[in-house]
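Written below as structure tokens is the structure these notes are about.
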Amino acid sequence: MSDHKHQHHIMSKSMALKVWGALMVLTFVTVVVAQIDLGAANFVVAMIVATIKASLVCLFFMGLKYDDKENAVIFCTSFIFLTIFMILTFGDLLTRGDVYVKDGKIIPDGAIGQTKSKFVKPWIATPEMIAHGKELYASNCVVCHGPEGKGDGPGGAALNPHPRNFTQAADWKNGRKPSQIFETLTKGLNAMPSFSTASTDDRWSLVHYVRTLGPHESEKDTPEDLKKIGIDPTKEDGGGGAEKAIPIGLAIDRMTEDKGGK
């Protein structure tokens, strides 16, 4: 029989302080990076920092560095299997195509057809489009922007910055021209996500209705403004042709699910 006796390693205070300092520095890096828009690199940096912090905790505070090698192998093997699982899962998600769920039913991407605009030159407001935009606003936007567009909806109370007050003329970050509001809807802004999956008709209808909630007489688009967002004003459909889109209600459901609810 072996008389070898395993003893628990006690980390020195100096080493504990060094590891703690490294964790604080990495936390500071996380906060700084969160304030900078690096695009897709934000996720990569966050994952790298999180991995380093987790490794330091496991190696020193959990004692894995000083534990038996067999336990270290078992611990690392679990991460290998987790990595394999994630690769298989992401591989499935990336190859299956977009899948939407509405009322408990799965709607595959292929079932969402190509649609053409129902309106001629939808960037020009009409009573019909404003009425359609009012319906969309009431069912999808009131919760954050409020019934009168003052940004006082219950869903926006905890958001920072608060939802846009459409009745005020000042402080529109991207401008108040129709094309500028359309681009904001398409790309998203702050806490408001992108509505690029909603149809062009729905987005333009919302634009025209939102503009009725506040002063906008001097805010009109020029042909150059429309061209900036990819619209050819000489063509009835803007030159975009048919598009693939999902109903705006379904688009909002998807975004709410992705964010875990507002």
How do 37-47, 219-229, 162-172, 176-186 rank on mean C-beta neighbours within 10 Å, highest first? 176-186, 162-172, 219-229, 37-47
Packing-based ranking, highest mean first, of 60-71, 132-143 given that Cβ atoms within 10 Å are counted: 132-143, 60-71
When Trp20, Trp204 are arranged by how many other beta-carbons sit within 10 Å of their Cβ, fewest first, they go Trp20, Trp204
Assertion target for Met86, Met192, Met11, Met129, ordered by fewest C-beta neighbours within 10 angstrom first, is Met86, Met11, Met192, Met129
In the structure shown, of Lys177/Lys235; Lys121/Lys177; Lys118/Lys228, the pairs separated by more than 18 angstrom at the C-alpha atoms are Lys177/Lys235; Lys118/Lys228
Under 13 Å, Cβ to Cβ, from Val19 - net charge with Lys/Arg +1 and Asp/Glu -1: +4
Over 5 Å intervals from 0, what percent of Cα-Cα pairs in region 13-95 sits in each interval? 3, 12, 16, 17, 17, 17, 12, 5, 1, 0, 0
Just to check I understand the Karplus step: with θ = phi - 60° and J = 6.51 cos²θ - 1.76 cosθ + 1.60, what whole-Hz values come out for region 199-209, glycine and proline as x? 5, 4, 4, 5, 5, 5, 5, 5, 4, 5, 6
Starting with the highest mean, order 195-203, 153-161 by the number of other Cβ atoms within 10 Å, averaged over the residues of each peptide. 195-203, 153-161
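Bear in mind these aren't lab numbers, they're just calculated from the coordinates by the rules spelled out. Remember, predicted model here, so these are calculated numbers, not experimental data. Because the Cβ atoms are built from the backbone with ideal geometry, glycine has one as well, and the counts that use them run over all protein chains shown.
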